[in-house]
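The structure under discussion appears below in the form of structure tokens.
What follows draws every value from the coordinates through simple rules; no lab data is involved. None of these values were measured; they are calculated from a predicted model. As a convention, Cβ positions derive from the backbone with ideal geometry for all residues, glycine included, and neighbour counts pool all protein chains shown.
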Amino acid sequence: MNITPTALPDVLLIEPKVFGDERGFFFESWNQRALAAAGLNAAFVQDNHSRSVRNVLRGLHYQIEHAQGKLVRVGAGEVFDVAVDIRRSSPTFGRSISMTLSAQNKRMLWIPPGFAHGFLVLSDAAEFLYKTTDYWYPEHERTLLWNDPALGIDWPLAGAPALAAKDAAGRVLALAELYP
């Protein structure tokens, strides 16, 4: 595995070694020993799998209590993935990182607790898989407004995104509940 810090050093880009031939491919999507050697010592408690169609935007989600670290990847299709640092004490507070994750490039992102996360589906459909370090607690879930100008995220949209009601009603960073 090749593990590289991003412009937000706590967010890691993970590029697995892919072994492929005419039969298909194989790669390790999680190897505790290899990732621990890179400083990622996560204990995962839940795996999630979603499917969304083109132009669906999910996020930017986080839990104000029971903060979740997430190891995210795409099993089918392609997404534009975003993480926003919402730790007030962080030198990168309010900054975001974005990149394309796809079944083809097999990239993964480690998004630690203290970050909001979201993605936009770029392909006809996408299957999004992620491991979390804590369980989902709907009463603690919060949403940052995906198009808050303060975040400066350049979503690659062709028209308005398809949003869930909770995502359309997200809060701007200046009014959101945040981490210390």
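Data for the structure
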item: Looking only at region 28-47, and only at residues there that are among the small types (Gly, Ala, Ser) and surrounded by 14 or more Cβ atoms within 10 Å (Cβ to Cβ), the one that is nearest to Asp85 (Cα to Cα); result: Ala42
item: Enumeration of residues in region 138-169 that are more than 22 Å from Thr100 (Cβ to Cβ) and exposed (fewer than 10 other Cβ atoms within 10 Å of the Cβ); result: Pro138, Glu139, Pro149, Ala165
item: Yes/no for Val172 being crowded, with 18+ Cβ neighbours inside 10 Å and of a type outside the set (Ser, Thr, Tyr); result: no
item: Of the criteria (1) in a loop (DSSP other than H, G, I, E, B); (2) within 25 Å of Ile153 (Cβ to Cβ); (3) under 17 Å from the mean Cα position of the chain (by Cα); (4) not polar (S, T, N, Q), which one Trp30 fails; result: (2)
item: Residues that are among the β-branched types (Val, Ile, Thr) and either surrounded by fewer than 18 Cβ atoms within 10 Å (Cβ to Cβ) or under 21 Å from Leu40 (Cβ atoms) (or both), drawn from region 86-127; result: Ile86, Thr92, Ile97, Thr100, Ile111
item: Leading residue by the ranking (farthest from the chain's Cα centre (by Cα)) among those in region 9-27 that are surrounded by 13 or more Cβ atoms within 10 Å (Cβ to Cβ) and under 20 Å from Phe128 (Cβ atoms); result: Phe27
item: Considering residues of region 60-91 that are among the polar types (S, T, N, Q) and assigned to a loop (DSSP other than H, G, I, E, B) only, the residue nearest to Glu141 (Cα to Cα); result: Gln68
